[in-house]
Structures are given as C-alpha cells and as structure tokens.
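Peer 1: Before anything else, here's the structure in question.
The values are calculated or read from the model by the stated rules, or taken from the named source; none is laboratory data. Every value quoted in this text rests on a predicted model; they were computed, and no experiment measured them. Reconstructed Cβ throughout: ideal geometry from the backbone, glycine too, with neighbour counts over all protein chains shown.
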Amino acid sequence: MATRTTPPGDGHIETVQLKAALEERYLAYALSTIMHRALPDARDGLKPVHRRILHAMRQLKLDPGQGFKKSARVVGDVIGKFHPHGDQSVYDALVRLAQEFAQRYPLVDGQGNFGNVDGDNAAAMRYTEARLTETARLLLDGIDENAVDFRPTYDGSEEEPLVLPAAFPNLLANGSQGIAVGMATSIPPHNAAELLDAALHLIDHPNALSADLLRIVPGPDFPTGGILVDDPVGIAEAYATGRGSFRVRSRWHKEEAGRGGYVVVVTEIPYGVAKSRLVEKIAELLTDKKLPLLADVRDESAEDIRLVLEPRARTVNAEVLMESLFKLTELEARVSLNMNVLVRGQVPKVLSLAEALREWLDHRREVLLRRSRYRLEKIAHRLEVLGGYLIAYLNLDEVIRIIREEDEPKAELMRAFGLSDVQAEAILNMRLRSLRRLEEMEIRKEHDALSKEQDGLNKLVASEAAQWKAIGKEIRETRKTYGPETALGKRRTTFAGVPEFGEEAFTEALVEREPITVVVSQKGWIRTLKGHVQDLSSLQFKTDDALGHAFFAETTSRLILCASNGRFYTLDASRLPGGRGHGEPVRMMIDLEQEIEIVSIFPHQAGRKLLVASRQGRGFVVGEDDCIANTRKGKQVLLVDAPDALQVVRIVEGDTVAIIGENRKLLLFPLSQVPELTRGRGVRLQRYRDGGLSDLKLFTLSDGLTWEDTSGRTWTVTELLEWQGERAAAGRMPPKGFPRTNRFS
C-alpha cells in the first residue's frame, strides 16, 4: 500500500499553472542567454566572458611588453573569480581573441600553438602562454579612474567591470558572432582607421547617416583578406538597416608553368573558411567529375596560404575555371551582417552603421566625463594637502613644537592654523627629509600646475564642444597606431566586380562539351545520341510512337521546351538519358500534365528572340532569355485559356510575318507591328471567321516567301503585294502551289 509523502516545511502546497511556470523559466533562460552570453555590448563590443578574460589578465599584470604567463593561469583566475563556467569554454574564448585569422585586431598576444586557418585546434592551455596586446590596453585604458561602473562577482568576493572604457571601436573593428534565444548577432570585422575617420566625421556632423559614412567605411575588412564582390547598393542597404550579407571571394592569380601552360594560385580565402575543408571539397568535386576544367589541386601553404589549381588544358579560360569553383566551393562565401547588440548594455537592438558608431562615441564622452571628475577629485584632494604643507612651512617651528609637546597634536594643529582633518593628517605623515627650504618651492610649483589643470578640467566638464574636441584628439592619436600606412592598419580586403560570363560558359565549366543529337518522340520520350547523327531512320520507338522532334546540340546546351499550355520549361542536355533504349518520359523531368502537348523544343541561344502565337491567332515577341525556367513547374509565357493553346513558336529572323489559318487565308505584315513582351496574351495577328491558326513563318520580304510542298520541292514567290496587309487582317488565298496541309514546311 502506497504511503503519502508530506511536503517539507509547514505542509502548505502552492498551485502553479504549468504554462505560467514554463513561460517564466524559459523567459529567464532567454534573458540570461541574451544578456550574458550571446550578444555583445554596443560600447566595447565584448561579451561578458571576453571582458572578464581581459580584466583578469590586467590584474595579472600581463600588459603589452611584459612577460607571458600560462594560459591555464589566466583561465584559472577567470573561472575562479569572475566566470563560474567550464574551463574549456573560457580557454576557447581566449584562443579566439589571440587568433590573427579570426580577429582583425587580436586582443591577446599568444605564444605557442593557438590553432591555424586549417581549422586545427589550439594546444592545451597548459602549453600555451598569453599576454595583452596594445589594442586590449586601449580597451582597458582608464579603468582605474572610475571610468566605468563595477558590480560584485557571482560570489560577492570581487568586483568586475560592467563595460570597459573602450578607447578603440572594438564592436565593428573585430566584429562579433553569437546565437541567443530568438535572436542572433553577426558583425564582420572592419578597418579601424576607417572607423576612426568615420567617428571623426560623426563628431563634426552629428546628423550624418550611414549612407554618408560609406564614403569612409566602404565595407568590411577581413583578417584573411579576400575580395568583396557585392553590389554597392546592397552594401549601402545592409549598413543602413543593420541587416544584410557580403559576398567574399578568394584572391588568386595566374602563374606561368612553362610550355604555354599555367596554374592558378589562391593566396587568400574567405573569412571563416577552414582551408583543409576547402581543399577536401575541391578534391571531392574532382573525384565526382564535376570540375572537368580542373585537373588537380595542391596545398603548398607554409606560413602563407598557397593553393595551387592546375587546369586540365592550356586552353582553359582561367576566369571561367574560377567562376565554376566560386559557384561550387567555399572559395566564395557569404558573410552575414546582423548588428543586433545590447544598447547601453541592456536593450537588444539592431543598429545601423551610424548608430553603432554613435553608441561608441557617446560611451567615450561618458568615460571622458567620469575620468575628468575623478581627476578633479584627486586634484582637489592634493591641493588641499599642498595648502596644508604651505602653512606648515610658513610656521615650521610652531608646527614642530606642537608635534613634540602636545598630547593631541592633530587636534592642536587644526585649532592653531585652521587646518582640515586631511591637512593635519598629511602634515603628521610628512617625512623629516622633506623639511627643507627647497621643498616649499616645489610645493608651490606643483600647486600652480594642479590649479591650472583643475581650471582646464572644469572648463572641459562644463562645455560639450570642448568634450568632443578632446575625444577627437584622442581618436586622432589612436589612428596613428592603426593608420593605413601601418602593417596592422593597412586594408586587407579589396573591392572588385564580378566578371560577366554567359550561362553557357559556366555550364561548359561543369560539363565536358561534346556534340549530341536530341531525339523526342511524339509521346514525349526523350534521349540523346552521341555526335551529330544525320540519318535517324534506324531509330526504334515504342509501339504506336514515332519521331516527334530531333535536332543537334551539345552536352553543355540548355534546352527550351514549349508546351501547349503556354508554359516554357528548361532542361539540361547533360542530364538527359543516353541513346540506349527508348529514353525516358520528359514528363518525369518536368511538371507537364499528360494531356498537354509538346509544341517545340530547341537549344537555348542567349539574346535570341521568339515569336509565340496561340491557336486563336494571338501572339507577341519574347526574348529567349526571358523564357528560361528555374523550376520543374516551368515559366508561364503565353497566357491561354482552353480550348485555346500555344500553337507556334518561331525564332525571329527577317522583317516580315507570314501567317496562314485553317481557313487557308494567307496574310503578310511587318514584324514591327508585333509588340515585344515578357508575358501576356499578345495581340491579334490574324482574324478568323472559322477555325484558327495553322502555321506561321518569319522571313525577309526582299528575299521572297519560300515553302516546301509535300513532294519535297521548294517554292519561292517574290511578288507578294497581293497578300501584304496590316496585322489582324483576314488575308487572301495563298499562291498557286502552296501545300494543302497549310504548312510552310
């Protein structure tokens, strides 16, 4: 028999709705992730773990130029004092701060194996050593001068900064990556000199927009270099909204290999791409024969990246080869931009470029004011002490007597000379060696200097213009370290356009170019024959099936299939079945209903134009490039409603349209009367009382109208005035000898 367990305490049970409990706990978890783990602060660009690492290293006196200490010592201090989480996660964060290929301006100077661009992990923390860089020193500069607020650590035994003073625009300069609950951040690195120039522009023009700053900050500057190939309009929109992406390509050049040959050498790869994974991907594509223009890939990298790509032949176009690799491999990557950060350390918000820099500048102004007030307090205290010293020197004998003879010298000094508690305490703590005449002159000199500094600081605190002037001076000093003429500040990522290549050139890069003959049966079975086969009489078809369409093409061709429903479909010739057997139903390759007929099929030629016409005699001219479909569903070009259907598709050649209806009426009219559209029902080409369109042909009027009769003879008529008219007319009976089939061929 089960026993009932009495709850602890007074036995009172509080009823809580499960939904409310889950919402409360999940919200607490989400807020913790957003505030303390995933999103950086807009002011210093750091997450709590990075801020704690830098603060701990500063406490360990690991300043630039000082000796290194074991990374394990740093990690131990971080998790022991500030960050009660796993040591490996803290070490991983420290390693990333030291990686030159991950950080545009590393904050940690690492000694030992801190990983590489191949994606290999760093050595264990007991083997590596670390200290701060000059950039990290700038982030920490002034932290002892009440520049920022501190809060108790997790156990209350220490204090940690809420944010760093950040004399360096770290948020944009080094970027940040993070995934929170329901939101994420992705900020690529930028050039510090450009950011500092943009900040100076914002100081002079407070209402400047992100579009104005693009003249100064044209785009990201990745530590691994590369080439940015995005449209400037897209870049401008990304910076204005805080959301977007950037296309980054590898940097490459050709090297002569002798005997007219060459190799392509890749020297820079996109940001965040592991080189070993990139080489493996290219090797897989080679094995799968998806890169017919590439013969081999070799990794000859040492300290610098050097990937050697060997083309299959000397005649291979290097640009086309690289375009195919850019499309299929991570030699081209897309880096996202999502400037979702914590504003004032509290509110998640997506910022534009101008807003992000403004947040940093406002923080620098607050730091300047806090440091100035802190300095004023120190000066006031020192001036008070110096005032007491001067009184002591002017009354030295009496001061000595009081100290020697009085039981309470401090109180007596305060009574006798009107000293404050601070002044009296300072006199009592004075060293005997200071009791010389020269010291009075030095005190007066220090007093005057401090008074002058105090006046300057008071003016600074009282004037916003003076504050921005001081901030501008600080920024200009910082820019000297990160200027474009320095090795650290020189822009690594450049800008370029994308070479223009037709789809045929890209297809050729993926497929070996060979001649083929495409055969389509009347019932829609498709296959290809190797080479250009002239005699197709020996071809076999299924029972009750026969030859429908046949034409010459190449394995790199794209085929356009026109259906009676007015939709145009696109097929890759390289993916069609071979000539063995009867082929495969084309309806398995595209979404074509069984009752829909195939009107025409032919290889695509860029720039060409087509004349499409329906059975009711309506049509228009359309660019062949506008008929390319990207999905199995095809692309609707001619709008038709049953029982009307697409009847004729003709390549535009010549200046005149010849059209004949089922009523055996022939009409000729100028092609210029037919409009060019991308989609629609078209205009009336010929008027019918009964029946509809039978056939259509385009020709040059001066050459005459040519047709072929049922016996295979060719007829040409040059006197055509009798049949010439305007579009949408009825026409007249055709010339003598025109086939009874009402077909031009």
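Peer 1: Where residues in the range 305-343 are among the small types (Gly, Ala, Ser) and part of a strand (DSSP E or B), which of them is surrounded by the fewest Cβ atoms within 10 Å (Cβ to Cβ)?
Peer 2: My answer is Ser336.
Peer 1: Which of the residues belonging to the range 45-67 are surrounded by 15 or more Cβ atoms within 10 Å (Cβ to Cβ) and either of a type in the set (D, E, K, R) or over 29 Å from the mean Cα position of the chain (by Cα) (or both)? Quick ask: steps written out before the conclusion?
Peer 2: Just the residues of the range 45-67 that are surrounded by 15 or more Cβ atoms within 10 Å (Cβ to Cβ), to begin with: 45-58, 60, 62-63.
Lys47, Arg51, Arg52, His55, Ala56, Met57, Arg58, Leu60, Leu62, Asp63, listed by residue number.
Peer 1: Here's a follow-up. If you go through the range 378-389 one residue at a time, do you hit one that is hydrophobic (A, V, I, L, M, F, W, C), out of contact with any Pro (no Cβ under 9 Å at 6 or more places or on another chain), within 30 Å of Gln177 (Cα to Cα) and modelled with pLDDT of 90 or more?
Peer 2: Of the range 378-389, the ones hydrophobic (A, V, I, L, M, F, W, C) are 379-380, 383, 385-386.
In the following step, the residues that additionally are out of contact with any Pro (no Cβ under 9 Å at 6 or more places or on another chain) were identified as 379-380, 383, 385-386.
Now narrow it down to the ones that are within 30 Å of Gln177 (Cα to Cα): none.
No, there is no match, as no residue in the range 378-389 is hydrophobic (A, V, I, L, M, F, W, C), out of contact with any Pro (no Cβ under 9 Å at 6 or more places or on another chain), within 30 Å of Gln177 (Cα to Cα) and modelled with pLDDT of 90 or more.
Peer 1: Could you count how many residues in the range 672-723 are of a type in the set (Asp, Glu) and under 29 Å from Ser564 (Cα atoms)? Let's see the steps before the verdict.
Peer 2: Pass one, the range 672-723, residues of a type in the set (Asp, Glu): 676, 690, 695, 703, 708-709, 719, 722.
Of the ones still in play, those that are also under 29 Å from Ser564 (Cα atoms) are 676, 690, 695, 708-709.
Residues meeting the conditions: 5.
Peer 1: To continue, here is another question. For the range 178-196, give me the residue count where each residue is surrounded by fewer than 20 Cβ atoms within 10 Å (Cβ to Cβ) and closer than 20 Å to Arg104 by Cα.
Peer 2: Summing the residues that are surrounded by fewer than 20 Cβ atoms within 10 Å (Cβ to Cβ) and closer than 20 Å to Arg104 by Cα in the range 178-196 gives 2.
Peer 1: Do you know which of the residues in the range 281-304 that are part of a loop (DSSP other than H, G, I, E, B) and of a type in the set (Gly, Ala, Ser) is farthest from Val265 (Cα to Cα)?
Peer 2: Within the range 281-304, the subset part of a loop (DSSP other than H, G, I, E, B) is 288-293, 300-304.
Still in the running and of a type in the set (Gly, Ala, Ser): 301-302.
On the way: Ser301: 11, Ala302: 14 Å.
Here the answer is Ala302.
Peer 1: Taking the residues in the range 111-161 that are loosely packed, with under 14 Cβ neighbours inside 10 Å and within 28 Å of the chain's Cα centre (by Cα) as candidates, determine which candidate is farthest from Lys275 (Cα to Cα).
Peer 2: The selected residue is Asn121.
Peer 1: Restricting attention to the range 661-715, which residues are of a type in the set (Gly, Ala, Ser) and surrounded by 14 or more Cβ atoms within 10 Å (Cβ to Cβ)? Walk me through how you get there before you give the answer.
Peer 2: Of the range 661-715, the ones of a type in the set (Gly, Ala, Ser) are 661, 672, 680, 682, 691-692, 694, 702, 704, 711-712.
Residues satisfying the conditions are Gly661, Gly680, Gly682, Gly691, Gly692, Ser694.
Peer 1: Right, here's the next one. How many residues are part of a loop (DSSP other than H, G, I, E, B), more than 29 Å from Leu488 (Cα to Cα) and not charged (D, E, K, R) when one looks only at the range 148-161?
Peer 2: We begin by selecting, within the range 148-161, every residue part of a loop (DSSP other than H, G, I, E, B); these are 148-149, 153-158.
Subset that is more than 29 Å from Leu488 (Cα to Cα): 149, 153-158.
Adding the requirement that they be not charged (D, E, K, R) leaves 153-154, 156-157.
Of the residues in the range 148-161, 4 are part of a loop (DSSP other than H, G, I, E, B), more than 29 Å from Leu488 (Cα to Cα) and not charged (D, E, K, R).
Peer 1: Does any residue of the range 626-638 turn out to be touching a Ser or Thr at 6+ places or on another chain (Cβ under 7 Å), of a type in the set (Asp, Glu), surrounded by 15 or more Cβ atoms within 10 Å (Cβ to Cβ) and touching a residue at least 40 places away in the same chain (Cβ under 8 Å)?
Peer 2: Yes; the residues of the range 626-638 include at least one that is touching a Ser or Thr at 6+ places or on another chain (Cβ under 7 Å), of a type in the set (Asp, Glu), surrounded by 15 or more Cβ atoms within 10 Å (Cβ to Cβ) and touching a residue at least 40 places away in the same chain (Cβ under 8 Å).
Peer 1: How many of the residues in the range 650-676 are touching a helix residue (DSSP H, G or I) at 6+ places or on another chain (Cβ under 9 Å) and more than 22 Å from Met733 (Cα to Cα)?
Peer 2: Residues meeting the conditions: 3.
Residues are listed down the side, and each one gets a yes or a no for (1) among the polar types (S, T, N, Q); (2) touching a helix residue (DSSP H, G or I) at 6+ places or on another chain (Cβ under 6 Å); (3) surrounded by fewer than 20 Cβ atoms within 10 Å (Cβ to Cβ):
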{"position": "Gly531", "(1), (2), (3)": "no, no, yes"}
{"position": "Phe541", "(1), (2), (3)": "no, no, yes"}
{"position": "Phe552", "(1), (2), (3)": "no, no, yes"}
{"position": "Leu561", "(1), (2), (3)": "no, no, no"}
{"position": "Thr570", "(1), (2), (3)": "yes, no, yes"}
{"position": "Gly578", "(1), (2), (3)": "no, no, yes"}
{"position": "Arg587", "(1), (2), (3)": "no, no, yes"}
{"position": "Phe602", "(1), (2), (3)": "no, no, yes"}
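Peer 1: Sticking with this structure for a sec: Whether any residue in the range 85-103 is within 23 Å of Phe222 (Cα to Cα), of a type in the set (Asp, Glu) and either surrounded by 15 or more Cβ atoms within 10 Å (Cβ to Cβ) or in contact with a Lys or Arg (Cβ under 8 Å, 6 or more places away or on another chain) (or both) is what I want to check. Step through it out loud before you land on a result.
Peer 2: Within the range 85-103, the subset within 23 Å of Phe222 (Cα to Cα) is 92-103.
Checking the rest, the ones that are also of a type in the set (Asp, Glu) come to 92, 100.
If we keep only those that are either surrounded by 15 or more Cβ atoms within 10 Å (Cβ to Cβ) or in contact with a Lys or Arg (Cβ under 8 Å, 6 or more places away or on another chain) (or both) too, we end up with 92.
Yes.
Peer 1: Report, by residue number, each residue of the range 669-688 that is among the basic types (Lys, Arg) and in a strand (DSSP E or B).
Peer 2: Initially, the range 669-688 is screened for residues among the basic types (Lys, Arg), giving 679, 681, 684, 687.
Scanning the range 669-688 gives a single hit, Arg684.
Peer 1: Further, regarding this structure: Say we look at the range 716-734 and pick out the residues that are under 13 Å from Ile660 (Cα atoms) and among the charged types (D, E, K, R); which of these is surrounded by the fewest Cβ atoms within 10 Å (Cβ to Cβ)?
Peer 2: By that ranking, first place goes to Arg732.
Peer 1: Okay, next question. For residues that are part of a loop (DSSP other than H, G, I, E, B) and within 9 Å of Arg679 (Cβ to Cβ), tally how many sit in the range 612-639.
Peer 2: 2
Peer 1: Continuing with this model, one more query. Which members of the range 559-575 meet the condition of being within 19 Å of Thr631 (Cβ to Cβ) and either at pLDDT 90 or above or of a type in the set (Val, Ile, Thr) (or both)?
Peer 2: Quick first cut of the range 559-575, residues within 19 Å of Thr631 (Cβ to Cβ) only: 559-563, 565-575.
Residues satisfying the conditions are Leu559, Ile560, Leu561, Cys562, Ala563, Asn565, Gly566, Arg567, Phe568, Tyr569, Thr570, Leu571.
Peer 1: Which one of these is hydrophobic (A, V, I, L, M, F, W, C) and in a loop (DSSP other than H, G, I, E, B): Ala93, Ala124?
Peer 2: From the options Ala93, Ala124, the qualifying one is Ala124.
Peer 1: Check off (1) in contact with a Phe, Trp or Tyr (Cβ under 8 Å, 6 or more places away or on another chain); (2) in a loop (DSSP other than H, G, I, E, B); (3) not assigned by TED's automatic domain parsing to the domain that holds Arg96 for Glu145 and give me the number that stays unchecked.
Peer 2: (3)
Peer 1: Sticking with this one: Which residue, of Ala658, Ala728, is aliphatic (A, V, I, L, M) and assigned to a strand (DSSP E or B)?
Peer 2: Being aliphatic (A, V, I, L, M) and assigned to a strand (DSSP E or B) holds for just one of Ala658, Ala728, which is Ala658.
Peer 1: Leu559 versus (1) free of Cβ contacts under 8 Å to residues at least 60 places away in the same chain; (2) in a loop (DSSP other than H, G, I, E, B); (3) not polar (S, T, N, Q): which is the lone unmet condition?
Peer 2: Of the numbered conditions (1) free of Cβ contacts under 8 Å to residues at least 60 places away in the same chain; (2) in a loop (DSSP other than H, G, I, E, B); (3) not polar (S, T, N, Q), the odd one out for Leu559 is (2).
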